[in-house]
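S.K.: Please find one structure pasted underneath; my questions will follow.
The values are calculated or read from the model by the stated rules, or taken from the named source; none is laboratory data. Owing to the predicted nature of the structure, the values given are computational and were not obtained by experimental measurement. Here the Cβ positions follow ideal geometry from the backbone for every residue, glycine too, while neighbour counts run over all protein chains shown.
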Amino acid sequence: MDGADGTRRTPQRTLVSRPAGTGSPRPDDVGRGARVMIVEDDPTVRQVVADYLRVHGYAVSQFGDGAAASRALQDIVPDLVILDRVLPGVSGDELCAQVRTNSQVPIIMLTALDSVGARIGGLERGADDYIAKPFALRELLLRMVALLRRSRGVSASLSPFQVGPFRIDPTLRSIARDGREIVLTGREYELFTFLLKNPERVLSRTEILHEVWGWNFGEASTVTVHVRRLRQKIERDPGEPRFLLTEWGAGYRFTVKGGAGC
């Protein structure tokens, strides 16, 4: 079956792997009652995912195209969005970019496109995570729980702290530079907070994937994309970074020394 852009897509029957037997995961309290928007043009995939999430305590709204979802977002405030990348009319990429203009809601992008570059495209537009089709429902649920746990993991007992020109408020999950708030997605916030708490340490992309994404394995390009997006928001000149530095062959290092006075 071809997608809206002519790309060959995986046949319906292999897009979703149902849990075997009764071994599906227990609902996580952090996800119980969460409002999830599913935007997927394949009715079978959309319904299977919706039914599975409802069983696990989620409130689900479903949309078969990006235009309908875009209109609904004017009235609905979801806790998480599951977004197919290839949609008729308004594409998943366009909808993701629209959402990011005024919302930091966690977004998981689904893609039937096989290339690394195609998957990275979704991250470039603001998605927090992606899952390639075919995918297992259990994996989707666990990825959702991880995102929701981070987005809701606010502790009032944590006091704001300062690192160089950056002020971090864990209660509000906000970061400001020189008194001006930096608008970050949930994943960008987690990444930047991890870097801020480890100044002058060279952090490999594998370590960042594990600590920020909770993945023991995954594509290192995911980190590269998020670092690039983060630089665009925290650096005066992203092409000549002063705070978030690349250590070639090793990873990344956050420093406030080079950013003094800039």
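S.K.: Right, Glu181: assigned to a strand (DSSP E or B) and touching a strand residue (DSSP E or B) at 6+ places or on another chain (Cβ under 8 Å) or not?
M.R.: Yes.
S.K.: Among the residues of region 27-43, are any under 25 Å from Val90 (Cβ atoms) and either modelled with pLDDT under 60 or part of a helix (DSSP H, G or I) (or both)?
M.R.: yes
S.K.: Which one of the conditions (1) surrounded by 13 or more Cβ atoms within 10 Å (Cβ to Cβ); (2) farther than 25 Å from Asp79 by Cα; (3) at pLDDT 90 or above does Asp237 fail to meet, given that it meets all the rest?
M.R.: (1)
S.K.: When only residues in region 228-255 that are in contact (Cβ under 8 Å) with a residue 40 or more places away in the chain and in a loop (DSSP other than H, G, I, E, B) count, which is farthest from Gly179 (Cα to Cα)?
M.R.: Ala250
S.K.: Restricting attention to region 53-68, which residues are more than 21 Å from Leu87 (Cβ to Cβ), buried (at least 18 other Cβ atoms within 10 Å of the Cβ) and more than 20 Å from the chain's Cα centre (by Cα)?
M.R.: Listed by number, the list holds a single entry, His56.
S.K.: Considering only region 185-203, I want to know if a residue exists there that is at pLDDT 90 or above, surrounded by fewer than 18 Cβ atoms within 10 Å (Cβ to Cβ) and not assigned by TED's automatic domain parsing to the domain that holds Thr111.
M.R.: Yes, region 185-203 contains a residue that is at pLDDT 90 or above, surrounded by fewer than 18 Cβ atoms within 10 Å (Cβ to Cβ) and not assigned by TED's automatic domain parsing to the domain that holds Thr111.
S.K.: Moving on. Quick one: in region 151-180, which of the residues that are buried (at least 19 other Cβ atoms within 10 Å of the Cβ) and under 17 Å from Gln104 (Cβ atoms) is modelled with the highest pLDDT?
M.R.: Ranking the qualifying residues of region 151-180, first place goes to Ile175.
S.K.: Name, by its number, the condition in (1) loosely packed, with under 15 Cβ neighbours inside 10 Å; (2) modelled with pLDDT of 90 or more; (3) within 21 Å of the chain's Cα centre (by Cα) that does not hold for Val227.
M.R.: In the conditions (1) loosely packed, with under 15 Cβ neighbours inside 10 Å; (2) modelled with pLDDT of 90 or more; (3) within 21 Å of the chain's Cα centre (by Cα), Val227 misses (1) alone.
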